[in-house]
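What follows is a single structure, written as structure tokens, with notes after it.
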Amino acid sequence: SLAGARLDGLYRIGVDEVSYRKGHRYLTVVADHARDGAVVWAKAGRDADTLNAFYDELGEERCAALEAVSLDMGGAYKKATDAKASEARQCVDPFHVVKLANEAIDKTRRWAWNMHRDVGLAKAKWVKRTRWALLKDPDSLKDSQLALLHELRRNRSVLYRCWQLKEGLRDLYRLADPSDAPRHLDWWLAWACRSRIPAFVTLSKTVRANRDRILAAVELGLSNSK
């Protein structure tokens, strides 16, 4: 443990898992948002019992002082936080939200690639090459990747609609006024739900189930990447 006196005065913390060895070995890491994400505690494992060990070490009085906890959308950390720090606001870390959108794009892209390949269309390899154009931050795209996006748009490709949906969700974290977040997220949920793109319809259900925790992260400006 890296705890000691660093567990004093915590009120906004971030909880995340970190892979530290091949073979899917993980650490649960707790960081202090008030100290620029400084790590205050770590332990091998990533289940509810692992995080419970942190809360037990923190103690009831310091747990009660926690204002907010940023975490992923998995059930393990939520379960521990519900049980040990029930008064703290839970905030879904933005990275995990955008990661799910990228996974939805990748799933749809693989479907499109397999469909083209199975019927022997020459475009199969071209579809495969679109991966980074679809996933990267638009500001980081190369000219060739921008050209791919423009071609997807001209062809009214389902992959371009996927890209639009992903960027629409990322826009939640780029709003000039965080008070616009509830309206923006509800707009996105309606769009994704009626998109008829299976991966994004599924994603919309996950996002809706975590709506309040996602909006809490925007309101408080919490991100585990900061």
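The values are calculated or read from the model by the stated rules, or taken from the named source; none is laboratory data. Just so we're clear, the structure is a prediction, and the values are computed from it rather than from any experiment. Cβ placement follows ideal geometry from the backbone for every residue including glycine, while neighbour counts extend to all protein chains displayed. Just the protein is used for accessible areas: all its heavy atoms, side chains included, with ligands, DNA and RNA removed. Shrake-Rupley method; radii C 1.70, N 1.55, O 1.52, S 1.80 Å.
Before moving on, here are some points about what is shown:
- Cα-based Rg / Dmax (Å) for the chain: 20.0, 65
- Accessible-area composition of the chain, carbon plus sulfur, in percent [1.4 Å probe]: 51 percent
- Structure note, pairs Lys43/Lys205; Lys136/Lys205; Lys22/Lys142; Lys142/Lys166; Lys84/Lys107; Lys79/Lys99: Cα-Cα distances above 30 angstrom occur for Lys43/Lys205; Lys22/Lys142; Lys84/Lys107.
- Shape class for the stretch 156-211, computed from the alpha carbon gyration tensor (a ≥ b ≥ c): oblate, with a/c not under 1.5 and a/b at or below b/c.
- One chain, two ends: Ser144 and Glu103. Fully extended at 0.36 nm per residue, the span grows by 12.5 nm beyond their Cα-Cα distance.
- Placing +1 on each Lys and Arg Cβ and -1 on each Asp and Glu Cβ, with no other charges, gives the chain a dipole about its Cα centre of roughly 1760 debye.
- All-pairs alpha carbon distance profile, the stretch 39-106, 10 Å steps from 0, percent: 20, 49, 23, 8, 1
- Simple spin-label estimate for Ser86 and Cys193 gives 3.0 nm between the two label positions (7 Å along the Cα-to-Cβ direction from each Cα).
- Less than 5 angstrom separates the built amide H of Cys91 from those of Val69, Ser70, Leu71, all sequence-distant by 5 or more or on a different chain.
- Solvent-accessible heavy-atom area per residue, rounded to whole Å², over the stretch 23-117 at 1.4 Å: 48 Å²
- Theoretical FRET efficiency, 1/(1+(r/R0)^6), r = Cβ-Cβ of Gln164 and Tyr20, R0 30 Å, to 0.05: 0.25
- Farthest toward the positive end of the dipole of the chain, out of Ile214, Ala44, Trp187, is the Cα of Trp187, where the dipole comes from beta carbon charges about the Cα centre.
- Largest-first ordering by accessible area, 1.4 Å probe, given options Thr202, Thr50: Thr202, Thr50
- Most mobile of Leu134, Leu175, Leu100 in a GNM of the chain (Cα contacts under 10 Å): Leu175
- Think of it as helices only: each DSSP H run of n ≥ 4 in the chain is worth -39500 (n - 2.57), and spread over all residues that comes to -16500 deg cm²/dmol at 222 nm.
- Mean separation of Cα contacts under 8 Å, 6 or more apart, over the residue count of the chain: relative contact order %: 20 percent
- Phi-derived couplings, Karplus 6.51 cos²θ - 1.76 cosθ + 1.60 at θ = phi - 60°, listed residue by residue for the stretch 70-82: 9, 7, 8, 8, x, x, 5, 5, 5, 4, 5, 5, 4 Hz, with x used for Gly and Pro.
- The stretch 127-184: C-alpha gyration tensor shape, a/c 1.5 cut-off, then a/b vs b/c: prolate
- Spin-label pair Ala53/Ala209, simplified geometry with 7 Å Cα→Cβ offset, distance in nm: 2.8 nm
- Three-way shape label, the stretch 1-116, alpha-carbon gyration tensor, a/c 1.5: prolate
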